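Presented below is the structure to which this report refers.
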Amino acid sequence: MARLLIVSNRIALPGEQAARAGGLAVAIREALRKYGGIWIGWSGETVEEAEDELRIQGSGSGRISVATLDLTKEEQELYYAGFANSVLWPLCHYRVGLMDFQRSYYTGYMAVNDRFAAAVARIAQPDDIIWVHDYHFLPLAAALRRRGLKNRIGFFLHIPFPAPEVLRVVPFHEKLVADMCDYDLLGFQTASDERAFCDFIRHDARGVVGEDRSVTAFGRVTRTGVYPVGIETERFALLAIAAELGPETKRLVQSLTGRKMVIGVDRLDYSKGLPLRFDAYSSLLANHPQHRAKVVMMQIAPTSRNEVRQYRALRRELDQLAGRINARYAEFDWAPLRYLNRGFSRNTLAGFYRHAHVGLVTPLRDGMNLVAKEFVAAQDPDNPGVLVLSRFAGAVDELCDGAKLVNPFDVDGVGEAMHEALIMPLEERKERYETMIKVLQANTINDWYERFLAALRGAN
Ligand code: ADQ
């Protein structure tokens, strides 16, 4: 069977524990173990002078290798912190005002894509299937085709694809979309992301979108599809059951002294809507004083992308907001908000989710949001917590019938939804949980990669 080459910006290195690596990394490893292949990405290291050859390491099992490239400091600044995270990330999350475009970022981004393409081209065999992930590598297929590769190359976008009005804001957008058309298959998280891409093709690129999802534009033919990322539903549920008895969850339960817990778990990112979420919690405490001293909100948000200015500003803002909430409402024996700037292992998080009464997932825009799915999977079917979910998370397409949906910009509305979730009768909680867990069982992370790869193999 053909080998699988997977390219993503960051990869989980062989020594890295599954518990730390996250569900997606586990899935990619599984796909590679099944089909045999190589996982290619940035080592995470910056060096004075980067080598052009991939550094290949075996995993021990013989079926998977990982292959990494280092970046120079300048490449890291232009490609990663620059074009990927200061231009494409805010753009795709509809935060045009936070975009910081510089031509050098674009040039650096294209150059790093070219360097990766050269490295991949050196190791690719003619029947390898190549699966490229995310916004760091929009033009990778085009760079590979320029080197003569005729392999099947697929792309999956983990974040939203913006509507044409927003996409047009970024210089060189047409070139980026044209380059995307060099993939054989373009996978999106939701139907609305796929629609946004096709709208651009029809109206801006004057291309043709066929009933069969074929896309003809820029003299190339590609195909689109919707593949919502799932989780390891069964395994996560078992993890949560085991974690409930673990030392961290026990300590947590003890510290709550019978109070209900609302939990939020996110990377510290402006797309996740954390300042408004804190305001919403404030609104709950202001408008429903009966919850004061009866509820604790725990927000876990490890720092991410600290090299980007906007992320440092967000961190300062949240520190202040958290301080203000505690100063305003705390009692000598109760602090309303626990705000933790650090990550936890998946096991520990699973136990925390299981013990929470409310899971708050209120991004302003999110490709999918796996925390929403993991929260649901971790619940006790006999006494489940309630998921409060933003209408702007990709997960809403699958979870809309069971979650309590909110508009994260409506702070008082989110506060109200938290109140309703905290007092929701058991019967309703069970009903909502059952609706959601069925969906999560029917679309696991394994289904996700199998569906994508089957479509890629079948693509002309
Ligand atoms: P992220 O923006 O990183 O991912 P998300 O899907 O919520 O967002 O999380 C990915 C993984 O990281 C999950 O398995 C989660 O448990 C873990 N994680 C998140 N916050 C954490 C924390 N505070 N501590 C420890 N672990 C944490 C991008 C897109 C998403 C999309 C995913 C997958 O932005 O929309 O769902 O890719 O496609």
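The values are calculated or read from the model by the stated rules, or taken from the named source; none is laboratory data. Keep in mind it's a predicted model, so treat the numbers as computed, not measured. Positions of Cβ are generated from backbone atoms using ideal geometry, with glycine treated the same way; all protein chains shown enter the neighbour counts. Heads up: the accessible areas ignore ligands, DNA and RNA and are worked out on the full protein's heavy atoms, side chains in. Shrake-Rupley method; radii C 1.70, N 1.55, O 1.52, S 1.80 Å.
Before moving on, here are some points about what is shown:
- Candidates Gly258, Gly264, filtered to the one that is open to solvent by less than 40 Å² (accessible area, probe 1.4 Å) and either at pLDDT 95 or above or in a loop (DSSP other than H, G, I, E, B) (or both): Gly264
- Taken over the range 309-346, the criterion of being under 19 Å from the mean Cα position of the chain (by Cα), of a type in the set (A, V, I, L, M, F, W, C) and part of a helix (DSSP H, G or I) is satisfied by Leu314 alone.
- Scanning the range 292-310 for residues that are closer than 19 Å to Val253 by Cβ and touching a residue at least 40 places away in the same chain (Cβ under 8 Å) gives Ala293, Val295, Val296, Met297, Met298, Gln299, Ile300.
- Put simply, of Ala330, Ala378 the only residue that is of a type in the set (A, V, I, L, M), within 16 Å of the ligand (Cβ to nearest atom) and within 24 Å of His419 (Cβ to Cβ) is Ala378.
- Candidate set from the range 121-134 (those that are surrounded by fewer than 22 Cβ atoms within 10 Å (Cβ to Cβ) and in contact with a Phe, Trp or Tyr (Cβ under 9 Å, 6 or more places away or on another chain)); member that is nearest to Val177 (Cα to Cα): Asp134
- Those residues of the range 187-200 which are aliphatic (A, V, I, L, M) and either out of contact with any strand residue (DSSP E or B) (no Cβ under 6 Å at 6 or more places or on another chain) or surrounded by 23 or more Cβ atoms within 10 Å (Cβ to Cβ) (or both), in sequence order: Ala196
- For the range 333-375, filtered to residues that are under 19 Å from Pro289 (Cα atoms) and away from the ligand (no atom under 15 Å from the Cβ), the residue that is most open to solvent (accessible area, probe 1.4 Å) is Asp333.
- Residues of the range 290-310 that are closer than 21 Å to Asn326 by Cα and of a type in the set (Lys, Arg): Arg292, Lys294.
- Hits in the range 40-76 - residues which are touching a Leu at 6+ places or on another chain (Cβ under 9 Å) and open to solvent by 40 Å² or more (accessible area, probe 1.4 Å): Glu45, Thr46, Val47, Glu51, Asp52, Glu53, Arg55, Gln57, Ser59, Arg63
- Residue match in the range 136-158 (condition: assigned by TED's automatic domain parsing to the domain that holds Met99, under 28 Å from Asp100 (Cβ atoms) and more than 25 Å from the chain's Cα centre (by Cα)): yes
- For the range 303-317, a tally of residues being touching a Ser or Thr at 6+ places or on another chain (Cβ under 7 Å) and over 16 Å from Trp89 (Cα atoms) returns 1.
- Residue check, Ala313 out of contact with any helix residue (DSSP H, G or I) (no Cβ under 8 Å at 6 or more places or on another chain), among the aliphatic types (A, V, I, L, M) and at pLDDT below 95: yes
- Some residue of the range 102-124 being closer than 21 Å to Arg147 by Cβ and part of a loop (DSSP other than H, G, I, E, B): yes
- Test: residue in the range 281-288 that is outside any helix (DSSP H, G or I), at pLDDT 95 or above and away from the ligand (no atom under 16 Å from the Cβ): yes
- Taken together, the criteria place Gln299 among residues that are among the polar types (S, T, N, Q) and surrounded by 14 or more Cβ atoms within 10 Å (Cβ to Cβ).
- Options Glu234, Glu248, Glu174; residue that is open to solvent by 10 Å² or more (accessible area, probe 1.4 Å), of a type outside the set (Phe, Trp, Tyr), within 16 Å of the ligand (Cβ to nearest atom) and over 28 Å from Asp397 (Cα atoms): Glu248
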